[in-house]
């Protein structure tokens, strides 16, 4: 079950959440140093990590699952977010360069179907990046943060999950080595603890895992009744409507009801 969007927003606006965001953004950049000219999609609650990509990506869109809820993002600007079914993304085939999954894998009830849908919308050279709670880390044991909810994973589990769903596993990184304390002393030491954890490679105590994967274009395209129905219906693609400050959807050229 997905966390409520209100709880997620409150956490990432807290002091602990802001520090966690900075740490995760820095680790993400070691895997994706540039997204210049790319089409980037975030699924789950990826908005805190997507914001720095606005200046370089061709387009950035955040999809929030219906079971989680949605809020306007970014604040004071045309909306780049939409509420959607995580196994029926309103995008055409092979149209996205990067997909970032945050607070998705551990909460979804349709894990395999969701990953197959991500595979469908990714371009042949596309990349997926999963941010998930580390099974052995202290963050997974404390419900005061979003990483303490849902199902945590180990690095081998995430690697196997990608391989079983038509992705080639890539690099694995760890983050959030400092404990999820709200105390001022511990938060002031978070930077030093994070650098120390990275230096010694203490993956076992890290709160989050970042695992990248590439689309296997030689894998068989998912088949079945849902795929056949998709071929017969129109695909609604999100289009940013700056004049009205929200994300709308319209039919792509050449597609019909």
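Note the full-extension length gain between residue 204 and residue 143 as 0.36 nm times their separation in residues minus their Cα-Cα distance, in nm to one decimal.
Values: separation 61, 0.36 × 61 = 21.96 nm, distance 1.87 nm.
Going from the current span to full extension adds 20.1 nm.
Could you work out the mean projected area of the convex hull around the alpha carbons of the range 5-222, in square nanometres to one decimal? Let's see the in-between values first.
Details: hull surface 45.0 nm².
Mean orientational projected area (the range 5-222, Cα hull): 11.2 nm².
Output the antiparallel fraction of DSSP beta bridges having both residues in the range 5-222, as a percent to the nearest 5. It would help to have the intermediate numbers written out before the result.
Values: 15 of 36 bridges.
Roughly 40 percent of the beta bridges in the range 5-222 run antiparallel, per DSSP.
What's the exposure ranking of 177, 45, 218, going from fewest to most Cβ atoms within 10 Å?
Working: 177 24, 45 30, 218 7.
Ascending Cβ contact count within 10 Å gives the list 218, 177, 45.
Remind me, relative contact order of the range 5-222 in percent, using alpha carbon pairs under 8 angstrom and six or more residues apart? Please report the intermediate quantities before stating the final value.
Details: 411 pairs, mean separation 43.8, N = 218.
Computed over the range 5-222, the figure is 20 percent.
Please compute the contact order of the range 35-161 in relative form: average sequence separation of alpha-carbon pairs under 8 Å and at least six residues apart, divided by the residue count, as a percent.
Working: 225 pairs, mean separation 27.6, N = 127.
Once normalised by length, the contact order is 22 percent.
Any read-out appearing in this document is the output of simple, stated calculations on the displayed coordinates, not a laboratory observation. All values derive from a computational prediction rather than experimental measurement. Positions of Cβ are backbone-derived with ideal geometry, glycine not excepted, and every protein chain shown enters the neighbour counts.
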